[in-house]
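Student: This is the structure, below, for whatever I ask next.
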Amino acid sequence: MMGRFQFPRREPLQMKAFSFALALLVVPTLALAQNASRFDSGAKVFRLDGGASSYAFGVNGRGELQQLYWGGRLDANDKFPQARPKPGWASFDTSYNNTPQEYAGWGAGLFVEPALKVTFADGNRDLVLHYESHTSTANGFDVVLKDIARPIFVTLHYAMDAESGILGRSATIENRGANSVTVEQAAAAAWALPAGQYTLNYLTGRWAGEWTLNQEEVRHGARVIESRRGSTGHQSNPWFAIQEGPSNENHGSVWFGALAWSGSWRITVEKDQLDAVRVTGGYNPFDFGYVLKAGEKLETPVFYGGYSREGLGGASRILHAYEIAHILPRTAATANQTAPKPRPVIYNSWEATEFRVNEAGQMALAEKAAALGIDRFVMDDGWFGQRKDDHAGLGDWYVNKEKFPNGLKPLIDKVHTLGMDFGLWVEPEMVNPDSDLFRAHPDWVLHFPGRPETEQRNQLVLNLARTDVRDYILGFLDKLVSENDIAFLKWDYNRNWSEPGWDQLPAAEQKKVYVSFTDNLYWILSELRKKHPKLEIESCSGGGGRVDLGILRYTDEVWPSDNTDPFDRLTQQDGFTYAYTPQVMMAWVTDSPHDLEHQIRVTSIPYRMLSSMQGSLGIGADIAKWTPEDAATAKRLIAAYHQVQPTIVQGALYRLISPRDGSEFSATQTVRADKGQSVVFAFIHSTQEGRGFPTLKLQGLDPAAEYSLSWIEGKAQPGTPTVASGAWWMNHGIDFSDSFRGDFQAMAFRLDKK
Ligand code: DGJ
């Protein structure tokens, strides 16, 4: 083992406790689900059952590990015969190609995407992996494969979650030979679907325009979604969902997956010549090359996969519940709880002051924020080093004495006196060339000696793969949090890599940076949280550039986008929630028009508030300039939000009407796990004469229970009952076509079980 940071895996017992409680709180329909994993030694078949899904694979007659089934849960007595390899196709595609292997080595004439490709010291590049042995684990199996001739061992890890049916898969690659081997491509897992017609859903974007849901037919050939950037990226997100037939929000089979990795990654969705589909994902093989010396191991990220028969909506509800129960970190206060606490409502100074922070200005904002009912005051960029704008200061994490002559303590004390806790912005992985840190350690950045260093936002990337850099970053963060009463760090990351050299290592080993950088990032976050168990952290990367299930093991929330225009956010939030729970989706109310170059739209405070209230609410406006009426509206809505926040951020989410594709209307609904409360938000872009808001038919309620309707914002149309059964709200629905009209309108109401 190369001292690689191990992903913390929850203890099986703890996992069971979380799962059981979660079943009661979040997904009661799965409450009776049991995890089961069995090996049929006669047929050599492994089977894992959890939630509403089953997964099976076996050892075929040649010794390969072959996928047999992934889909709806089978009966406990159903038996699989031994795996039979698929036949070859004429003389061009061998059986080895056509057989859906769990983890195929590149060798024996493989033309589909390999899971593993290596080069041996003698130039041999042929790798054929056969079953060697296995052990049962608390939630599944560890299955060992070995090359047919050489001592390359791969242990495939399978862990099935009892409640959600989400299967976590990863691989450990081990060189037990005497000579070094270079791993050129390593997937976490390959998933297979039988020949059929499918629709692929995936998320793409750009800075200030993240989270676009793409839906396209899976066609022959490969669709590659990836990041070559060193981090997750705004442009693609490591999540997919494949639906049988056309996409549908509420019905039909959906297979989905999310890769827990915040470095360069790749997911390849491939339809072969016989119409079968494979999804292979893990480290991005572009510029990859990880040298395994004798006895060393490489561990891949975890690729989570799940199945729903309730369309894309069902898939995201399963994933949200799993994230809350098993991915998101706990603090000291929530260590033994089934769910993290809903996020404090924050105020963030960025859009009000940008870099112009100082003690008096921040104190004045803090007073205004406290008066609105805000829980947490966060000071953003500009408080440290010689930071007047983005040209200087990154790397020098001391308090700027001109702006804060007495350090941060007076501000933090003031924030506490006002009844809020305090959060602070940092960007630990970056350095401005104009900084003391860079002047002292110019070699600490990613670079190729003798080549230009490409700056973006006037900054360079520190090489976290280096132990001295890693320790420096942990050291200053630990000091900052130890010396100041800081509850929360907004951890930013404002550029992607260039010149990814690591000249401390021999030339052949330098590409290890793609793994070690991200491992060390996770290590720093993990150590910092261990030292400061009350600390909470947000993952921000110029908006949503680093959101994935890897970083979410160490961060409590994410910043989805620098675009906080409330209308744009509706589509972004819609896309975001296909993969990630609203619990982590920070959403600020900012000034209108929003401070982006091209944004001219003006919207009301209620519209902005309701757009943000669908996630974890924050305020990022210059509240010093708000009118008393604006402040009173925001205060009223923050109070209303506090009352129903757990239902919104941890309940089951139904996207009733999507804002995608230019829809004039949109609506979301969340339902608390016990079905005792539901919250509905609805938005209008612009109505046309004779075309009103569609009748809203709710979902997920108890049909036999009575629910009373109360308004958070808006009003009922005459004739709408204030009390009716769940059956009424779901089947008859609610007609707003006359009362809810206009441009950029929003309304919200709650239903409470009587
Ligand atoms: C990018 C972030 O997304 C913003 O919210 C803000 O923190 C700036 N960086 C500060 O430089």
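The values are calculated or read from the model by the stated rules, or taken from the named source; none is laboratory data. Note that the coordinates shown come from a computational prediction; the quantities given were computed from them, not determined experimentally. We place every Cβ from the backbone using ideal geometry, glycine too, and count neighbours over all the protein chains shown.
Student: Considering only segment 235-258, how many residues are assigned to a strand (DSSP E or B), surrounded by fewer than 23 Cβ atoms within 10 Å (Cβ to Cβ) and among the small types (Gly, Ala, Ser)?
Tutor: The number of residues fulfilling the criteria is 2.
Student: Out of the residues in segment 537-556 that are within 16 Å of the ligand (Cβ to nearest atom) and charged (D, E, K, R), which is farthest from Ile346 (Cα to Cα)?
Tutor: If we take residues in segment 537-556 being within 16 Å of the ligand (Cβ to nearest atom) and charged (D, E, K, R), then Arg546 is farthest from Ile346 (Cα to Cα).
Student: Condition first: part of a loop (DSSP other than H, G, I, E, B) and of a type in the set (Gly, Ala, Ser). Now tell me which residues in segment 460-488 satisfy that.
Tutor: Ala465, Ala487
Student: I need the full set of residues from segment 495-515 which are closer than 30 Å to Ala208 by Cα and outside any loop (DSSP other than H, G, I, E, B), in order please.
Tutor: Within segment 495-515, Val513, Tyr514, Val515 qualify.
Student: Pull up segment 475-498, narrow it to residues that are within 16 Å of the ligand (Cβ to nearest atom) and within 18 Å of Asn432 (Cβ to Cβ), then point me to the one that is surrounded by the most Cβ atoms within 10 Å (Cβ to Cβ).
Tutor: Trp491
Student: Within segment 582-615, track down each residue that is among the polar types (S, T, N, Q), out of contact with any Gly (no Cβ under 9 Å at 6 or more places or on another chain) and closer than 30 Å to Tyr307 by Cβ.
Tutor: Gln614, the sole residue that qualifies.
Student: Still on this structure, I have one more. Considering only segment 617-665, state which residues are in a strand (DSSP E or B) and in contact with an Asp or Glu (Cβ under 7 Å, 6 or more places away or on another chain).
Tutor: Arg655
Student: Would you pick out the residues in segment 372-408 that are in contact with a Gly (Cβ under 7 Å, 6 or more places away or on another chain) and either of a type in the set (S, T, N, Q) or away from the ligand (no atom under 16 Å from the Cβ) (or both)?
Tutor: Scanning segment 372-408 gives Gln386, Tyr398, Val399, Asn400.
Student: Residue check: is Asn458 crowded, with 19+ Cβ neighbours inside 10 Å and within 16 Å of the ligand (Cβ to nearest atom)?
Tutor: When the stated conditions are applied, Asn458 does not pass them.
Student: Let me ask you something else. Against the definition (within 21 Å of Tyr283 (Cα to Cα), assigned by TED's automatic domain parsing to the domain that holds Lys293 and in contact with a Pro (Cβ under 9 Å, 6 or more places away or on another chain)), how does Ala190 come out, yes or no?
Tutor: Considered against the rule, which asks whether it is within 21 Å of Tyr283 (Cα to Cα), assigned by TED's automatic domain parsing to the domain that holds Lys293 and in contact with a Pro (Cβ under 9 Å, 6 or more places away or on another chain), Ala190 comes out as yes.
Student: So which residues in segment 730-745 are in contact (Cβ under 8 Å) with a residue 40 or more places away in the chain and farther than 18 Å from Ser604 by Cα, if there are any at all?
Tutor: Asp735, Phe736, Ser737, Asp738 - these are the residues of segment 730-745 that are in contact (Cβ under 8 Å) with a residue 40 or more places away in the chain and farther than 18 Å from Ser604 by Cα.
Student: Moving to a separate point now. Specify the residue that is nearest to the chain's Cα centre (by Cα); the eligible residues are those in segment 409-429 that are away from the ligand (no atom under 16 Å from the Cβ) and among the aliphatic types (A, V, I, L, M).
Tutor: Result: Met420.
Student: Here's another thing I want to ask about it. Under 6 Å by Cβ, and 6 or more places apart or on different chains, what pairs join a residue from segment 343-365 that is within 23 Å of Pro593 (Cα to Cα) and within 15 Å of the ligand (Cβ to nearest atom) with one that is of a type in the set (Phe, Trp, Tyr) and part of a loop (DSSP other than H, G, I, E, B)?
Tutor: Short answer, once both residue conditions are applied: Val357/Trp383.
Student: Which count do you get for residues in segment 222-234 that are buried (at least 20 other Cβ atoms within 10 Å of the Cβ) and farther than 17 Å from Ser539 by Cβ?
Tutor: Residues that pass the stated criteria total 1.
Student: Is there a residue in segment 327-341 that is in contact with a His (Cβ under 7 Å, 6 or more places away or on another chain), in a helix (DSSP H, G or I) and away from the ligand (no atom under 16 Å from the Cβ)?
Tutor: Within segment 327-341, not a single residue is in contact with a His (Cβ under 7 Å, 6 or more places away or on another chain), in a helix (DSSP H, G or I) and away from the ligand (no atom under 16 Å from the Cβ).
Student: Can you give me the number of residues within segment 673-690 that are buried (at least 22 other Cβ atoms within 10 Å of the Cβ) and in contact with a Ser or Thr (Cβ under 6 Å, 6 or more places away or on another chain)?
Tutor: The qualifying residues number 3.
Student: Given the conditions (1) touching a Phe, Trp or Tyr at 6+ places or on another chain (Cβ under 8 Å); (2) within 16 Å of the ligand (Cβ to nearest atom), and given that Leu464 satisfies all but one, which numbered condition is not satisfied?
Tutor: (2)
Student: Separate question: Could you tell me whether Ser526 is of a type in the set (Ser, Thr, Tyr) and within 16 Å of the ligand (Cβ to nearest atom)?
Tutor: No; evaluated as a whole, the condition is false for this residue.
Student: Return yes or no: is Ala748 within 29 Å of the chain's Cα centre (by Cα), touching a residue at least 24 places away in the same chain (Cβ under 8 Å) and under 30 Å from Ser247 (Cβ atoms)?
Tutor: yes
Student: Next question, about the same structure. Name every residue in segment 398-452 that is over 19 Å from Lys388 (Cβ atoms) and in a strand (DSSP E or B), in order of residue number.
Tutor: Across segment 398-452, the qualifying residues are Asp421, Phe422, Gly423, Val445.
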